[in-house]
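Just so it is clear, none of the values below were taken in a lab; they were calculated from the coordinates. Owing to the predicted nature of the structure, the values given are computational and were not obtained by experimental measurement. A quick note on method: Cβ atoms are made from the backbone with ideal geometry, for glycine too, and the neighbour counts reach across all protein chains shown.
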Amino acid sequence: MKSLFDHAIRLQWSGILVAVILGGVALAFVNPQFMTEFNWFVMLRSICVSLLVAFSQMVMLAVGQMNLSVGALGGLVAIIVGGLMDAWGVPTLPAIVIALAAGGLAGLLNGWLTVRTGINGFIVTLATASAFLGINTGVTRAIPFYNLPAEFVAFGNGRIGLFPYLLIVPLIVTILLAIFFARTRQGRYLLAVGGNSHAAQLSGISVNRAIVTAHVISGLAAAAAGILAVAQLGSAQPTIGSDWLLISFAAPIIGGASLAGGSISIIGTVIAVLLIGLIQNAMVLLAVDPYWVTFLLGALILAAVWINRYRAVRLGED
Amino acid sequence: MVLVLDRVSKSFPGVRALKDASITLQAGEVHALMGENGAGKSTLIKIITGVHRQDSGTMTMDGEEVQLSSPREAIKRGISAVHQERNLIPRFSVAENILLEQLPLKHGLVDFAEANRIARGHLARIGLDIDPSEEVRHLSVAQMQMIEIAKALSHEAKVLLLDEPTASLTSDEAETLFRLVRQLREQGAAILFVSHKIEEVMSLCDRVTVLRDGETTLSGVPMAEMTRERLIEAMIGRAEREAPKRTGAADSGQVKLELRQVATATGHRDISFRLMRGEILGLYGLVGAGRTELARAILGKDRITGGEMLIDGKAVRIRSVEEAIRKYRIGYVSEDRKYEGVILAHPIRTNIAVTVWNRIAGALGWITAGKEVEAGTPLAKRLEIRTPSLNQLVGNLSGGNQQKVSLAKWLAANVDILLIDEPTVGIDIKAKGYIHELVNELADGGMSILLISSDMPEMVALADRILVMRDFAIVDEFANDRRYDVASRRIMSAIHAGREVSEAV
């Protein structure tokens, strides 16, 4: 029994899983509406975008960098996909492919600027975030694109039972990322560079290449999040992405990622996003002011990092 | 000859690290590289491993001249190194660390079963029984060291550099390492073994090369012809400088600072000494002996876990550096000038006045540039800091002048006790001489100084008494009569365990 407990506390995400389960059970008792099929659909659908946003930052944390342009990049891609379909009449599938490519390119730009100029990635992505946002509002004049193909909007709102169609995307991305980080050379290189870039370099791994790769994946994930957000809302709002930054850091960190790099948890990130979704859902059901959700999220990040720190010291692994 | 370096020189701004240094490595030998801190060993290693490039001289491998531009190229040529700092990825498995850039694939995915199998082979080759799937961060330091050797060997290394490999090993672990080194020698590898420890070098190595001040004082001499005395002689040489004489009396009879059986959180045990008013107490030891850590504990930066510390005869417990400075008037000149001594991006005036801000602040805590210049000017004059204005950024000054600024702030603070850590590392001879004079002057003025230095001539010239530290304990203490031969021999024998040399003199 003791060893089972020992094993559990060694897992970064065991604590938040317990929190999710306890929270869910409590909520079911307090508010019977929680257990309705529709409520679950709404909650799961809200998780789809958050999860991709979280992955977008998690990849950067893996390599020991940060991407502050996650939201601006996703927002730009959102209006690109909307604009292509509304103003240009491009069919759904090609529009999505082009928008994804734009996201990957924007990530490439972030990565290229970081390794090429030697400027801290924090500053580079802070600058590109502003640039992406500028293009976004400059092009749209803050007016959303509303005329989207019916099947695209239907995909964003459809469901099988309590499962939204949208969930398929983050599900696939989760599996791909899990394989990437666990079983591909490039994925291992990213973690190696994040864990000890000096050692990785001395072993003949290209640190620059790893950083650029991470930025491209981050850009693609943010782009996918942007496209999903458009499908979910039924319109390409220029404000999409403006509130992503906090959650992008919150989920991977609550899930056990190290800010120093080289250590991430995909399961942890997924559970953390579930936890955040649950909190948001609870706030709605209990009719709490939404601004308190933001407050609670901040408190949760501090608590999670503090607990991780405490455990690292306890286990002597720091 | 597997590897030959012929008359290699290398300069860094302000320092000539290597002057016509030469070394030859043969297949199937363990070759020792020795020398004091700062003698040029690290520079030589960095040239061999492709981190630095020499300014002049040649490097030849298997008779062919080579130019290495990166560590990667060195690895490809068959030169692998196990550096002093650990170069492993803590959260990766043993197998993955060994095979990092050459992980086996199956259907495009990493085949961990195969990786474990290959790694087990590499581990078996050096007689290591470790589960290759174990995460590296769960291993002991000695095991990590072995993993690094296995990693180096996985590259088919012909030349293997081991930089201070036993520094953090117990004697049993070191013995295992030596068996491995001997076994690799049988297999025909050329091993360069860098170490401070004379005993292990004499018993393990076939030949020895010694560096002093960047020059080769012994080049590839067979170990059989060597004695301890000759090795020490080659490493430390003779005193070249005239020792500046103290004018004041060192023994004031007043104990300023006393440590009684102090133990610290960083691992010191049973540290006892007295520092008198107006005395320069030297603390000698090799890198890693625990000198800087002791200074940090006195300053309240690290925790004191046992024994007691007295200032002016009263037991004190210092909880923070701020308290050390404000309440007990203890100053610390850091060995890490650039990171802990000065703020490079700030002007000289700020750097000097930082310790006295609370004194020069006006109403509402307002500090003006004028006040800082006023406080700094007499000190800058006294220390002869060469600068057109005190508004000059410290980052633009030479190393020597930076060090003067680092000292000046403690003069401004008017401290009673000054801990000085490696005051003259990396600065030119002239500034060095000046700083030595200054340290003497400060002590003459009644300041109590604890001087940490690995520079033997400096230690012998300045210190009134010398403490020798090894493995976080004080192993010798004696009054220094400033005779270089006597003091340096006594220090060296204390460090290299056993007193037989000093008794023989």
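Classification of the stretch A:1-152 by its C-alpha gyration tensor yields an oblate form. The axis ratio a/c (a ≥ b ≥ c) is 1.5 or more, and b/c is at least a/b. Give the range of the longest stretch in chain A that excludes all chymotrypsin sites (Phe, Trp or Tyr not before Pro) found in loop regions by DSSP and having at most 13 other beta-carbon atoms within 10 Å. The reported range is A:147-318. Within the shell of other residues whose beta carbon sits under 15 angstrom from the beta carbon of B:ASN358, the net charge comes to +3, with Lys and Arg scored +1 and Asp and Glu -1. With a cut-off of 20 Å on the backbone N, no residue of the stretch B:473-497 is near the modelled label site 7 Å out from B:GLU441 along Cα-Cβ.
Place a label point 7 angstrom from the Cα of A:THR117 along the Cα-to-Cβ direction, then list the residues of the stretch A:56-85 whose backbone nitrogen is under 16 Å away. Inside the label zone: A:66-70.
Within the stretch B:306-386, list the chymotrypsin sites (Phe, Trp or Tyr not before Pro) lying in a DSSP loop whose Cβ has at most 13 other Cβ atoms in a 10 Å radius. Taking the stretch B:306-386 and a limit of 13 other Cβ atoms within 10 Å, the loop chymotrypsin sites (Phe, Trp or Tyr not before Pro) found are B:TRP366.
Sorted ascending by nearby beta carbons within 10 Å, beginning with the fewest, B:THR266, A:THR128 become B:THR266, A:THR128. Between B:THR227 and B:LEU364, full extension at 0.36 nm per residue minus the direct alpha carbon distance yields a gain of 42.5 nm. Is chain A rounded, prolate or oblate when judged by the Cα gyration tensor, a ≥ b ≥ c being the square roots of its eigenvalues, rounded requiring a/c under 1.5 and prolate requiring a/b larger than b/c? Because a/c hits 1.5 or more and a/b fails to exceed b/c, chain A counts as oblate. Taking the fewest neighbouring Cβ atoms within 10 Å as the starting point, the ordered list for A:SER14, B:SER334 is A:SER14, B:SER334. Neighbours of A:VAL153 by Cβ distance under 15 Å: Lys/Arg scored +1, Asp/Glu scored -1, total 0.
Starting from the Cα of B:GLN254, move 7 Å in the Cα-to-Cβ direction to define the label point; list residues of the stretch B:434-454 whose amide nitrogen is under 12 Å from there. From the stretch B:434-454, the list is B:445-448. Computed from the alpha carbon positions, the gyration tensor of the stretch A:224-318 leads to an equivalent ellipsoid with semi-axes of 28, 17, 11 Å, biggest first. With axes computed from alpha carbons, what is the tilt in degrees of helix B:369-383 against the longest principal axis of chain B, rounded to the nearest 10 within 0 to 90? That works out to roughly 80 degrees.
Taking trypsin sites (Lys or Arg not before Pro) as exposed when DSSP calls them loop (any state but H, G, I, E, B) and at most 15 other Cβ atoms lie within 10 Å, what is the longest stretch of chain B free of them, the sites themselves excluded? That gives B:54-237 as the longest site-free run. Its alpha carbons give the protein assembly as shown an Rg and a Dmax of 31.8, 98 Å. Each eigenvalue of the Cα gyration tensor of the stretch B:1-152, multiplied by 5 and square-rooted, gives one semi-axis; in descending order these are 34, 17, 15 Å. Taking each of B:LYS46/B:LYS301; B:LYS197/B:LYS338; B:LYS46/B:LYS404; B:LYS338/B:LYS409 in turn, the alpha-carbon distance tops 23 angstrom for B:LYS46/B:LYS301; B:LYS197/B:LYS338; B:LYS46/B:LYS404. Each other residue within a Cβ distance under 12 Å of B:TYR328 adds +1 if Lys or Arg and -1 if Asp or Glu, for a net charge of +3. Starting from the stretch B:127-232, pick out the GluC sites (Glu not before Pro) whose DSSP state is loop and whose Cβ has at most 11 other Cβ atoms within 10 Å. Hits after loop and neighbour filter: B:GLU156. Once the Cβ-Cβ distance between A:ALA150 and B:ASP62 is put in as r, and R0 is 56 Å, what FRET efficiency do you end up with, to the nearest 0.05? It comes to 0.15.
For B:GLU73 and A:ALA182, a Förster radius of 41 Å and the Cβ-Cβ distance give a FRET efficiency of 0.85, rounded to the nearest 0.05.
With R₀ fixed at 30 Å, the C-beta to C-beta distance from B:ASP270 to B:ASN414 puts the FRET efficiency at about 0.35. Among beta bridges identified by DSSP and lying wholly in the protein assembly as shown, the antiparallel ones come to about 55 percent. With both labels modelled 7 Å from their Cα along Cα-to-Cβ, the A:ILE143 to A:ASN208 distance reads 4.5 nm.
Can you tell me the 0 to 90 degree angle between the C-alpha axis of helix B:484-495 and the longest principal axis of chain B, rounded to 10? Result, in degrees: 60. Among complete DSSP H helices in chain A, those whose alpha-carbon atoms stretch at least 18 Å along the helix's long axis and whose mean Kyte-Doolittle hydropathy reaches 0.0 are A:14-30, A:37-63, A:70-86, A:92-117, A:121-140, A:168-183, A:207-233, A:266-285, A:291-314. Normalised by the number of residues in chain B, what is the relative contact order in percent for Cα pairs under 8 Å and 6+ residues apart? Answer for chain B is 15 percent.
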